[in-house]
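The values are calculated or read from the model by the stated rules, or taken from the named source; none is laboratory data. The structure presented is a predicted model; accordingly, all values stated were derived computationally and were not measured. Neighbour counts run over all protein chains shown; Cβ positions are idealised from the backbone, glycine included. Only protein heavy atoms, including side chains, enter the accessible area calculation; ligands, DNA and RNA are left aside. Shrake-Rupley method; radii C 1.70, N 1.55, O 1.52, S 1.80 Å.
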Amino acid sequence: MRTPQQTRSTSSTDRMLDATLALLGRGGLQAVTVAAVARAAGASNGSLYHRFRDRTGLLVAAQDRALTVIEAATADAFRRADGEPDDLRAIGLLVQAALGIFEAHRPAMRAFLVEGQGLEEFEERNVRSSHLLATTVVEWLVSRFGTARSDAEATYRILFALGATNALFDDEQISPGALTGAALADAVTRALVAVVRP
């Protein structure tokens, strides 16, 4: 029995996007060429051009996939935090989730938010994603804690700065002192609690 054409096409598209994101992780935007992606995905250059039109179309599709996954992971983290009655633990869950998301998606964040900074083809989707995440964080803090909107906005910027720092630098570039992920999450949680509680 033959696989339906749409299923084969979707699978091929997924392989191409997976290959693109893997190449981004190994060498950033410059590592992504049509030939490299086609080779890694086991596809032809022609099939890649057919699906994505060109390298830019491929990168835009990969960006959308990566940011959609980040947005979904964030929404899932907020669902878990909503189910936690203890406020400190709820914020702790969100901080742990944010740090995990930053780590898991570091190559995509570096490629699209840092290397792609100022490139028109990435800007609209980057801004849309950042604003969605900002709105999610701010509205949750305002509704759950009665946090002043300006403090909630500042809290989002603190989390955004952590993500940007993670995308830009390896931990050993930031400080010679060692810091475990758990210790960082605990300190960030305490800092945010100090900001968000009215």
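Sort out which residues of region 83-100 are surrounded by 14 or more Cβ atoms within 10 Å (Cβ to Cβ) and touching a residue at least 60 places away in the same chain (Cβ under 8 Å), and write them in order of number. Asp87, Ile91, Gly92, Val95, Gln96, Ala98, Leu99 - these are the residues of region 83-100 that are surrounded by 14 or more Cβ atoms within 10 Å (Cβ to Cβ) and touching a residue at least 60 places away in the same chain (Cβ under 8 Å). Whenever a residue of region 140-166 is on the phi > 0 side of the Ramachandran plot, it has no partner that is at pLDDT 95 or above lying with C-beta atoms less than 7 angstrom away and at least six residues away or across chains.
The set of residues in region 152-180 that are polar (S, T, N, Q) and more than 20 Å from Ala66 (Cβ to Cβ) comprises Thr155, Gln173, Ser175, Thr180.
In region 179-198, the residues that are not hydroxyl-bearing (Ser, Thr, Tyr) form Cβ pairs under 6 Å with partners that are not in a helix (DSSP H, G or I), at six or more places apart or across chains, as follows: Val196/Thr147; Pro198/Gly146. Taken as a whole, the condition of being assigned to a helix (DSSP H, G or I), more than 28 Å from Gly57 (Cα to Cα), modelled with pLDDT of 95 or more and open to solvent by less than 40 Å² (accessible area, probe 1.4 Å) does not apply to Ala134.
Each residue in region 154-180 was checked for being under 18 Å from the mean Cα position of the chain (by Cα), surrounded by 12 or more Cβ atoms within 10 Å (Cβ to Cβ) and small (Gly, Ala, Ser), and 3 pass. Could you list all residues from region 167-178 that are without any contact (Cβ under 8 Å) to a residue 60 or more places away in the chain and touching a Lys or Arg at 6+ places or on another chain (Cβ under 9 Å)? If the condition is that a residue be without any contact (Cβ under 8 Å) to a residue 60 or more places away in the chain and touching a Lys or Arg at 6+ places or on another chain (Cβ under 9 Å), then Leu168 is the only one that fits.
Out of Arg8, Arg2, Arg26, Arg39, one residue alone is at pLDDT 95 or above, charged (D, E, K, R) and open to solvent by 20 Å² or more (accessible area, probe 1.4 Å). It is Arg39.
Pairs meeting the criteria (first residue in region 60-74 and farther than 19 Å from Val34 by Cβ, second residue of a type in the set (Ser, Thr, Tyr) and buried (at least 19 other Cβ atoms within 10 Å of the Cβ), beta carbons under 8 Å, at least 6 apart or on different chains) are Leu67/Ser129; Ile70/Ser129; Glu71/Ser129.
Among the candidates Glu71, Glu139, the residue that is of a type in the set (Asp, Glu), in a helix (DSSP H, G or I) and open to solvent by 60 Å² or more (accessible area, probe 1.4 Å) is uniquely Glu139. Out of Arg15, Arg55, Arg110, one residue alone is surrounded by 15 or more Cβ atoms within 10 Å (Cβ to Cβ), at pLDDT below 95 and among the basic types (Lys, Arg). It is Arg110.
Is it the case that some residue within region 110-131 is over 11 Å from the mean Cα position of the chain (by Cα) and hydroxyl-bearing (Ser, Thr, Tyr)? Within region 110-131, none of the residues are over 11 Å from the mean Cα position of the chain (by Cα) and hydroxyl-bearing (Ser, Thr, Tyr). Taking Ala77 as meeting all but one of (1) over 24 Å from Ser11 (Cβ atoms); (2) open to solvent by 50 Å² or more (accessible area, probe 1.4 Å); (3) not in a loop (DSSP other than H, G, I, E, B), write down the number of the exception. Of the numbered conditions (1) over 24 Å from Ser11 (Cβ atoms); (2) open to solvent by 50 Å² or more (accessible area, probe 1.4 Å); (3) not in a loop (DSSP other than H, G, I, E, B), the odd one out for Ala77 is (2).
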